[in-house]
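A quick write-up on the structure given underneath.
Every number in this text was worked out from the coordinates using simple rules, so none of it is lab data. Every value quoted in this text rests on a predicted model; they were computed, and no experiment measured them. Here the Cβ positions follow ideal geometry from the backbone for every residue, glycine too, while neighbour counts run over all protein chains shown.
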Amino acid sequence: MPDEQDTAETRLARLVLGLRSQGVTDPKVLSAIEKTPRDLFVPELFQERSWEDSALPIACGQTISQPFIVGLMTQALNLDARSRVLEIGTGSGYQTAVLSRLARFVYTVERYRTLMAEAESRLKQLDLTNVFMRFGDGGDGWPEQAPFDRILVTAAAPGEPKALLSQLKPNGVLVAPVGKGPVQQLQRYAADGKGGFKVETLCEVRFVPLLDGVAREL
Ligand code: SAH
């Protein structure tokens, strides 16, 4: 349990050390996580748990991802400062913020208007201006902005995300949880430049499902 006296900085430093010991070793990724105040993305009710390495509930029955998984997925994307990244499932905007510190541009799609609006205002507060947001069904990707260097899906795709893979550049990388049940496989698809992909399973994960269409409620 965290000590009551611990400051946010101490808790964040401990979280980052924990991520490193679990295999998130890329210093750029760790530094992007270190610079991103997760408490800004966590609802009032769960503020105390902002620095725990766990997923937490957000509005609309969704979740903010576990920091370790954010680190692992970001590391697996192998971003550089020129990358144009598509993210499906903005949610709280936490993963978006981490990506935006490492990439040239981030394009992110969310099917709940409320979540999108809240994420937009958080990113603005952090002065992260290289993010473009769209309300819509991310299963279709963002054809007008394709192709992308990298694609990250932060909701579980029932099977191989074909429409999204078709929006990758010839040497692109897509990372997505894939599976129909409560536990999915985190898959990394690396395009081979000849229309095929090298597929690698990184670990088991638990994501909310990628749903069809936009949400009718807020
Ligand atoms: N990366 C987010 C995690 C969000 S949870 C964070 O760190 O906060 C997954 C998100 O995917 C939810 O907000 C959910 O509404 C969204 N989502 C699910 N299906 C979608 C779809 N088809 N298109 C766009 N967003 C979708």
Dividing the mean separation of Cα pairs under 8 Å (6+ apart) by the residue count of the stretch 8-205 yields a relative contact order in percent of 15
DSSP beta bridge pairing in the chain, given as percent antiparallel to the nearest 5: 45
Given H placed 1.01 Å from N in the peptide plane, which residues other than close sequence neighbours of Ile64 have an amide H under 5 Å from its amide H? Leu56, Ile58
Taking a ≥ b ≥ c as the square roots of the Cα gyration tensor eigenvalues, with a/c under 1.5 meaning rounded and otherwise prolate when a/b beats b/c or oblate if not, the stretch 130-191 comes out oblate
What is the fewest-to-most order of Tyr94, Tyr189 by other Cβ atoms lying within 10 Å of their Cβ? Tyr189, Tyr94
Using θ = phi - 60° and the Karplus curve 6.51 cos²θ - 1.76 cosθ + 1.60, what whole-Hz ³J(HN,Hα) does each residue of the stretch 57-74 get, with Gly and Pro shown as x? x, 10, 4, 6, x, 9, 9, 8, 5, 5, x, 4, 5, 4, x, 5, 5, 5
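Which order results if Ser21, Ser54, Ser100 are arranged by neighbouring Cβ count within 10 Å, fewest first? Present the calculation step by step, with values, prior to reporting the outcome.
Numbers: Ser21 9, Ser54 13, Ser100 23.
Lowest count first: Ser21, Ser54, Ser100.
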Would you mind ranking Arg216, Arg38 so that the residue whose beta carbon has the fewest other beta carbons within 10 Å leads the list? Arg216, Arg38
Hey, what do the phi angles of the stretch 115-132 turn into as Karplus ³J(HN,Hα) couplings, whole Hz, using 6.51/-1.76/1.60 and θ = phi - 60°, x for Gly and Pro? 4, 4, 5, 5, 4, 4, 6, 5, 5, 5, 4, 8, 6, 9, 9, 9, 10, 10
Using only Cα atoms, find the angle between the long axis of helix 8-21 and the longest principal axis of the chain, and express it within 0 to 90 degrees, rounded to the nearest 10. 50
R0 = 35 Å: FRET efficiency of Thr10 with Asp80, Cβ-based, nearest 0.05? 0.65
